[in-house]
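Working notes, structure below.
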Amino acid sequence: MLTNQMVQILVFVILTIMTLGGGLGVVSSRNLFHSALFLVLSLVGVVGYYALLDAGFLAVVQLLIYVGAIAVLILFAIMLSRGLMARRQHQRNEQWWIAALVVLLVFVVLLVVLGQVDWPVADEQALLSPNVSVGQLGQVLLGPYMIPFEVISVLLLAALVGAIILARET
Amino acid sequence: MGFFFNLTPFVPLFPLLAFAVIILFTHRNNRLSSNIAIGGITLSTVIAWGIVAATIAGGERTRTEGWQLSIPWLPAGTSVLDIGLAVDGLSAAMLFMVPFVCLMIFIYSQGYMNLGKANQDPRYARFFAYMSLFAAGMLGLVVARDLLFAFISWEVMGLCSYLLIGFWSFRNRNTEDHIDEAQVDRAKKAGLKAFITTGIGDVLLLAGIALLYSYTGTLTFRELFQPETLAALQQQTLLGMPAVTVIALLIFGGAVGKSAQFPLHVWLPDAMEGPTPVSALIHAATMVAAGVYLVARTMPLFIAGFDYTSAPALYWVAIIGAITVLLGATIGLAQDDIKRVLAYSTISQLGYRMMGLGLGGVVVGIVHLLTHAFFKALLFLGAGSVIHGMEHGHHAMSHHAPGDLAESREDESFNANDMKQMGGLRHRMPRTVWPYLFGTLALVGLAPFAGFWSKDEILGEAFVGWQHTLAIDHHLLVWLAGTVGVFLTALYMGRQLALVFWGRPRHQAAAQAHESPNSRTVPLMILAGFALVGGFANAPFLGSPLHHFMADIHQASHLVNVAATEFNFVVAGMSTILAVTGLLAGWLLYRNYQAGQVEPFKRYLGPVFTVLERKYYIDEFYQLAIVQPVVWLADQVFNFDYRWVIDPFVNLVAAIGRWAADISGVFDSVAIDTFLVEGVARAFNAAGRWLRYTQTGRVQNYLLVVVVTVLMLVGLYLYL
Amino acid sequence: MLSEFAFVGVLIVFASLLPIAGLGFAWLVRPKKPNPIKKSTYECGLETIGGTWVQFRAQYYIFALMFVVFDVEAVFLLPWAVAYDQLPAYALIEAVIFIAILALALVYAWRKDALRWS
Amino acid sequence: MEATISWLTTLIPQLPVPTARLIVYVVYSAILAFAAPVVLVVAYTYMERKVLARLQDRIGPNRAGPLGILQGLADAVKMLTKEDITPAKADRIVFNLAPMLAVVAAVLVFAVLPVAPGVIGTDLKVGILYVVAIGGLGELAALMAGWSSNNKFALIGAFRTVAQLVSYEIPIVLAIITVVLASGSMQLGAIVAAQDVPFLFTLPVAFLIFFVASIAEIGRCPFDLLEAESEIVAGFHTEYSGMKFAMFFIGEYMHLFSAAGIATALFLGGWRGPGAGEASILGVLLGFVYFLAKTTLLVFVMMWVRGTLFRIRIDHLLDFGWKFLVPVALFLLVAVAFVLKVPVLNSPTFRWLGMLAANGVVILVSLALVVLAARHSRSAALRGVAGVDG
Amino acid sequence: MGIPLYWWLAVAAALFCLGLYGALSRKNAIGVLLGIELMLNAVNINLVVFWRYITPQALTGQIFAMFVIGIAAAEAAAGLAIIIAAYRQRDTVVVDELDMMHW
């Protein structure tokens, strides 16, 4: 008999395999194109996480922005720098082993620290009925977070202008 | 009438809109642009005067409680910063003056910037845009309901002063034949100087505002001046003083910068590198008035916890004011540049206002601000007219004498601003001289001109204050400084009149100077009218009406000196005698001054005059004591990095390695055992390489270092 | 409570079964006689010259760039659109400012000829 | 779906709800993932051939079965038995994954398609955004296919495809935001429910933008540059053959259907029509028929367009997207937002009329601007000629 | 929620560490960028998880995640443009060879 929790854990495990496996692929693959595809896999896993966490809007946004837009951008950039694809080269620099050690240390420290904290988890009732409507999101976004909301458009404009200046063939 | 109050936002908004429209859309069409600017300020003036009328009609209640509007402006997560506008008696009084004087100056500017002529300024439209923004800033400050909006307006003004004072640093040298590099350079430096010097004050002001907000959680004037808020502020101590006093002094610091009080006055005389209308705007209606207005507005903070005769913050206001009066007036004696004399006179007159405020007299300070605005705008515009006349004369001179063209073109000694090259202009510029004379008399403080009433009230207040105690305190000091100041003012103005309008022309240009066109002389005449009658608005024998109009606002706090002082014949008589004496002395001494002579003051004062001429060497002192050390420090830091420590160290390591290698070479030839030698060399080499790793230029190395460091910090935090 | 995405999960499984089944079945029935010529790169019958990685123009990248920017802006506009009825009138002004900045980006790209395919 | 689940639990009382839900999900998934693609592809290819043939004064398929009705089946068998060729230099894994991803992406859109009253895979709160987001997977599939083939044509085709897809996704999203603004929800069910008057009549400009951009999104004529034979052979799937090619083919036709279906749901009132409703089986069936009819009508229009218009050049294509559709869509969005905040228009009828008026203004202004711009550029060109002559 | 909070945090930490490793050890600038994207996503997972488990009634976590996604998009756009420009200038995207700031 499948209980709700078992399904959730099963889905969680599958998503984790996707996400972390994808992440591992990103950092270990020798072919940059494959790296980028692994990134997509990993990000789709994150989409699943968001869906599992009842953040439906974010899940779709993640799919739209990361998979639909950023991944395409990255793939374009990879294809545009053709030298990368032709030359088979070592993908790791010489400090990779130090990096690996340090990162492992970071991971252990994080696990220990995260385990020690007593997280103020909300009560059962609140956990069961999270505040998820997109309309409420919009109200918050245009209310208290109005300034960041406007600033993000300025940021994007700046990024676009900068990127066009940089990427244009003159 | 109350209808006008609801239009208050438009008072600063119209000039702001004019600015936006000019910058964004119409900047290619010069005439349209300046007309938009004038239209904007005209609308502001109309509304502002409507508000003034409404305030007068509204009676006491309107004047004390006024009208206000608040807009939730900056929602930041959970808290919201409000921003708002308010009108009461004090702002209404300012609203009467500011937009109107701005309007006069704008109209004058149209002629001054040579609209439609061949030598029209290449950045004509931009000039009007900046002027509009400047006016918007000042009007915003006047109608501000809280310190936040006041500060924003304040900074807008700071920016505009920078842009306008340095306006001619971009002057197109191809079309402007008489503009030389040095002048462009001076304009640049003057703009920067104004920006940085006032910036010092702004930082203090911002610190004061921040402190105030952290203590009280509000920046709205009305809430701040609630007795309980003030009482709470007195309870806090900061640096061994009541917090409120520290805050008041910080706010005063801002005013010292903006209102050019000693020791931050140095920017104001240089500010006349900008076009003359800018000087008029800065000296009369906007910039320097802002500081005075702010102090008047926040007066309860200065007094809180004390009586207004003994509040320490006020004491310093009075002292600084007194110093500034004497400083400005004495330097003014020794300047040759017509605008510079006026600039120092402004500094001196600002000192008067601060003295008035320092005695707790909000009203007297503001009244002097108002009267001064009219006659100083008049004087500056008059000076501009004179300068233009001189330039015109210079131009005509070279034009009419074709044989001398080459010679006169290279006439390096000619300076249209130099009073010593003028003379006898009363014949050449009959329509400028009378307004100018009116302005002078108002400035000197002769009855019945505007300056008489406002200045005498400050002196009277000081005198009465002294009479109460008969101690040697700041009242006496203020009175003495003010009275001496009256004499000095009369002296330098007498000198100026004699040099500019009397005597014989001391340069060919003066002999051929031309009267200015109507666009310039008409504003002069209007302003002259105000200089003549403006003082009656608060004349004691009319019952000091402005006192009732303005003073009520601070009555809630029961702290501020709002009572009108009785007309004091001793004070008035004394200052009148001194003024007449000074004026006559200056006039007599300089009436017959010839070009090239040693000037009379210099003859009598000798080295003292040189000190005055060099403005007490304050600029030099700042250069020596502040600018150079800062530059030096920057150099040292650079050297530390580049020459002395970091780079040499890296080089040293390399040198040691090389040296060791040299040794090893010798060793090698002598000894057979090369293993050891190579080992040493390798060790040093490795050391050098290792040290160089700290500067690989590779982002990822740096990132790794960052991660490791963070890791170490986390470890420290967790386990220590 | 199962997430509203549960059905999507089930559908993903079945949707991937379709091509797997199709390809698998085809693999069973189709002929398999590879030879080097069949497996060469198709270039209208000619021999391939040079690598596949001819230099592409950054033009493509700029379109992707525009797309990213507009996509993000759209994502921020959607909550606004959904909540629009419950929002006060200033939401219109906020959004107009937002869209104006977005339009500015378009105008910039347009004026810089970044959108021209030449 | 919920109705079906409760029906199932009443039918077999001992069945627990989660299991019933699973069964319903599995059955509906199977229908969407297996039956729907096959039926759709067979039906629409047949329809397209017939329609095109008639438009070109031909008969079309007429051999396999009566009226050639079995033509689709014959094609399927042919595809199945074709040899599968993978180029030697291809990246095998990615090469094989790409067609699968294309099909999966196409099927996933069906999950939120409200095909009949109460019949929808899952009525996501963010349904319409989900549709757009899934579209991104299609771009990914094209890029993967183009890259892994190791073929210049395929790669250029992939670049072009993606450039076109991303360019036309923006007007689509903007049109969608307009609809969301008018209906106040991203849920497709709610959008359908909000259309007492179909948005086709209140937001005709949004519909036109959406429809035109949709044609470009699915890469059909006149926007079929992705497979411009004369330029880049067959685009990103040049190297594909046999069943893998069939996968792209299936994906394309499903895309056609889902684009028309989404347009139906957004603008034509979805399954709504006289008599349709969730109350009875008949109402549900009627709704399904309405939905299918409206969708097929849109598909037919697309085929008609294909048969009538010629392929446009890529620079014109991108210009049309960025310099016409996007500005108009932005303008429309602001105009509709403005209308919705005008306090006078508080009754639904007034709101509809207001929106219609806004649409009218937008289209008139933009057309006027286009005419002006065209006149300007024409006169500039004429001046240029005159200058050369003089 | 059937899944303990700690699992989520551990997964996010793991993803973050993978991204960090990628950013530190990749020779290729685009590879570094991919690592950074992974890290950003790890952060986002944390934001959403904290929203879901600790403050499910306040939407701050989701809003922040949205902003992070927006910023990530801007970062990717500008970063990749820089890489393309660098590639065009120096014909390489190997980070070690992009050392104009070296010594």
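The values are calculated or read from the model by the stated rules, or taken from the named source; none is laboratory data. The shown structure was predicted, so the numbers you read here are calculated from the model rather than taken from an experiment. Neighbour counts are summed over all protein chains in view; Cβ atoms, including those assigned to glycine, are modelled from backbone coordinates with ideal geometry. What goes into the accessible areas is simple: the full protein's heavy atoms, side chains included, and nothing from ligands, DNA or RNA. Shrake-Rupley method; radii C 1.70, N 1.55, O 1.52, S 1.80 Å.
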Longest span of chain B, sites excluded, free of trypsin sites (Lys or Arg not before Pro) in DSSP loop with at most 15 other C-beta atoms within 10 Å?
B:174-613
Add +1 for every Lys or Arg and -1 for every Asp or Glu among the other residues with Cβ under 10 Å from the Cβ of residue B:270, and state the total.
+2
Take peptides D:62-68, B:477-483, B:95-101, A:146-152 and line them up by average Cβ neighbours within 10 Å, highest first, as a rough protection proxy.
B:95-101, B:477-483, A:146-152, D:62-68
In debye to the nearest 20, the charge dipole size for chain D, taken about the Cα centre with +1 at each Lys and Arg Cβ and -1 at each Asp and Glu Cβ, equals 480 debye
Sticking with the crude label model, points 7 Å out along Cα→Cβ, report the distance from residue C:29 to residue D:2 in nm, one decimal please.
4.4 nm
Relative packing of B:442-453, B:567-578, which averages over residues the other C-beta atoms within 10 Å, highest first
B:442-453, B:567-578
Between the stretch D:250-309 and the stretch B:249-316, what's the alpha-carbon centroid distance in Å?
75 Å
Ordered by number, the residues of the stretch D:319-335 that have at least 40 Å² less accessible area in the complete protein assembly than on their own chain alone (1.4 Å probe) are D:322, D:323, D:330, D:334
Given the candidates E:6, E:67, E:79, the one whose Cα lies deepest towards the positive end of the charge dipole of the stretch E:5-98, counting +1 at each Lys or Arg C-beta and -1 at each Asp or Glu C-beta, is E:6
Just tell me how shielded B:291-297 is by partners: mean number of partner chain Cβ atoms within 10 Å of each residue's Cβ, no decimals.
0
Could you please state how large a percent of the accessible area of chain E is carbon and sulfur, counting protein chains only and using a 1.4 Å probe?
70 percent
Rg (one decimal) and Dmax (whole number) from the Cα set of the stretch D:84-389, in Å, equal 21.2, 77
GNM flexibility winner over chain D from D:203, D:40, D:101 (Cα, springs under 10 Å)
D:40
Members of D:152/D:244; D:78/D:294; C:112/E:27 lying beyond 26 Å, as alpha-carbon distances in this model show
D:78/D:294; C:112/E:27
Using the charge dipole of chain B (Lys, Arg: +1 at Cβ; Asp, Glu: -1 at Cβ; taken about the Cα centre), state which of B:156, B:628, B:240 has its Cα farthest towards the positive end.
B:156
Given the options D:178, D:10, D:157, identify the residue whose Cα lies farthest towards the positive end of the charge dipole of chain D (+1 on Cβ of Lys, Arg; -1 on Cβ of Asp, Glu).
D:178
List, in order, the whole-Hz ³J(HN,Hα) value for each residue of the stretch D:292-302 obtained from phi through the Karplus relation with A = 6.51, B = -1.76, C = 1.60 and θ = phi - 60°; use x for Gly and Pro.
4, 5, 4, 4, 5, 4, 5, 4, 4, 4, 4
Probe 1.4 Å, protein heavy atoms only - accessible area per residue of the stretch A:1-112 in square angstrom:
37 Å²
Quick one: Karplus J couplings for the stretch B:236-249, per residue in order, coefficients 6.51, -1.76, 1.60, θ = phi - 60°, nearest Hz, x for Gly and Pro?
6, 10, 8, 6, x, 10, x, 4, 5, 5, 4, 4, 4, 5
Dipole in debye (nearest 20) - the stretch D:1-81, about Cα centre, beta carbon charges: Lys, Arg +1; Asp, Glu -1
300 debye
Within chain A, longest stretch free of exposed trypsin sites (Lys or Arg not before Pro) [DSSP loop, at most 11 other beta carbons within 10 Å]:
A:89-170
Considering Cα pairs under 8 angstrom that are at least six residues apart, work out the relative contact order of the stretch D:1-92 and quote it in whole percent.
15 percent
Two-decimal Rg to Rh for the protein assembly as shown - Kirkwood Rh, Cα set
1.06
Starting with the highest mean, order D:341-349, A:54-62 by the number of other Cβ atoms within 10 Å, averaged over the residues of each peptide.
A:54-62, D:341-349
Ignoring ligands, DNA and RNA, please state the percent of accessible area on the stretch D:84-389 from carbon and sulfur, probe 1.4 Å.
73 percent
Check which residues have an amide H placed less than 5 Å from residue B:83's amide H, if you skip close sequence neighbours.
B:71, B:73
What does the average come to when, for each residue of peptide C:89-97, you count the partner chain Cβ atoms lying within 10 Å of its Cβ?
5
Calculated [θ] (222 nm, deg cm²/dmol) that DSSP helices of n ≥ 4 give over the protein assembly as shown, each run adding -39,500 (n - 2.57):
-23500 deg cm²/dmol
Looking at the stretch D:26-133 from every direction and averaging, what is the projected area of its Cα convex hull in nm²?
10.7 nm²
Accessible surface buried upon B-E contact (total; probe 1.4 Å; Å², nearest 100):
1000 Å²
Restricting to Cα pairs below 8 Å that are 6+ residues apart, what does the relative contact order work out to for the stretch D:84-389? Please round to a whole percent.
23 percent
Averaged over residues of E:5-14, the number of beta carbons from other chains lying within 10 Å of each residue's Cβ is 6
Please report the relative contact order for chain A, taking Cα pairs under 8 Å with a sequence separation of at least 6, and give it as a percent rounded to a whole number.
15 percent
To the nearest 20 debye, the protein assembly as shown has a Cα-centred charge dipole, built from +1 on Lys and Arg Cβ and -1 on Asp and Glu Cβ, of 3080 debye
